[in-house]
Amino acid sequence: QVQLVESGGGLVQAGGSLRLSCAASRRTFNTYTMGWFRQAPGKEREFVSAITWLEGVTYYTDSVKGRFTISRDNTKNTVYLQMNSLKPEDTAVYYCAAAPDIATMRRLQPDYWGQGTQVTVSS
């Protein structure tokens, strides 16, 4: 069983920064596209960002472009989401996910999900 373990969530003021981490339990994740989703109270889960594991091609939803940066460390099987200039509307539970390709990721059908980490941005 593959596990994704997120960390780095918390409470921050608007304009602040947080870095989320997601550690994967298996080395075979070097063939997966890794991504982040978020779900705010009363809203559907939405795609935030993704990165292909081998080529490092990145994808972002429009609302976070220029503020969030996804990266990965293949030696640690870990993917990161650096979040800058945070806004109250970024408040949500953030989920790490692993999918065979970006199309599957964007359809919200990854093979694996993390347990989620809470990000709260105060105004």
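The values are calculated or read from the model by the stated rules, or taken from the named source; none is laboratory data. Please read all numbers here as calculations on a predicted model, not as lab measurements. Using ideal geometry, Cβ is built from the backbone for each residue, glycine included, and neighbour counts are taken over all protein chains shown. Surface accessibility is based on the protein's heavy atoms, side chains included, excluding ligands, DNA and RNA. Shrake-Rupley method; radii C 1.70, N 1.55, O 1.52, S 1.80 Å.
Any idea which residue in the stretch 68-98 is farthest from residue 30 (Cα to Cα), counting only those that are aliphatic (A, V, I, L, M) and either surrounded by fewer than 21 Cβ atoms within 10 Å (Cβ to Cβ) or within 11 Å of the chain's Cα centre (by Cα) (or both)?
Of the residues in the stretch 68-98, the ones aliphatic (A, V, I, L, M) are 70, 79, 81, 83, 86, 92-93, 97-98.
Adding the requirement that they be either surrounded by fewer than 21 Cβ atoms within 10 Å (Cβ to Cβ) or within 11 Å of the chain's Cα centre (by Cα) (or both) leaves 70, 79, 81, 83, 93, 97-98.
Values: 70: 16, 79: 11, 81: 18, 83: 24, 93: 25, 97: 14, 98: 10 Å.
Ranking the qualifying residues of the stretch 68-98, first place goes to 93.
Please work out which one of (1) assigned to a strand (DSSP E or B); (2) over 17 Å from residue 117 (Cβ atoms); (3) in contact with a helix residue (DSSP H, G or I) (Cβ under 8 Å, 6 or more places away or on another chain) is the condition residue 30 fails and give its number.
(1)
Please go through the stretch 99-115 and give me each residue that is surrounded by fewer than 15 Cβ atoms within 10 Å (Cβ to Cβ), among the charged types (D, E, K, R) and over 16 Å from residue 30 (Cβ atoms), ordered by number.
107
Of the residues 51, 70, only one is over 17 Å from residue 120 (Cα atoms), of a type in the set (Val, Ile, Thr), part of a strand (DSSP E or B) and touching a Leu at 6+ places or on another chain (Cβ under 9 Å); which? First the steps, then the outcome.
Numbers: 51 fails: touching a Leu at 6+ places or on another chain (Cβ under 9 Å).
When all the criteria are applied, what remains is 70.
Kindly list the number of the only condition in (1) in contact with a strand residue (DSSP E or B) (Cβ under 8 Å, 6 or more places away or on another chain); (2) open to solvent by 20 Å² or more (accessible area, probe 1.4 Å); (3) at pLDDT 95 or above; (4) at negative phi that fails for residue 48.
(2)
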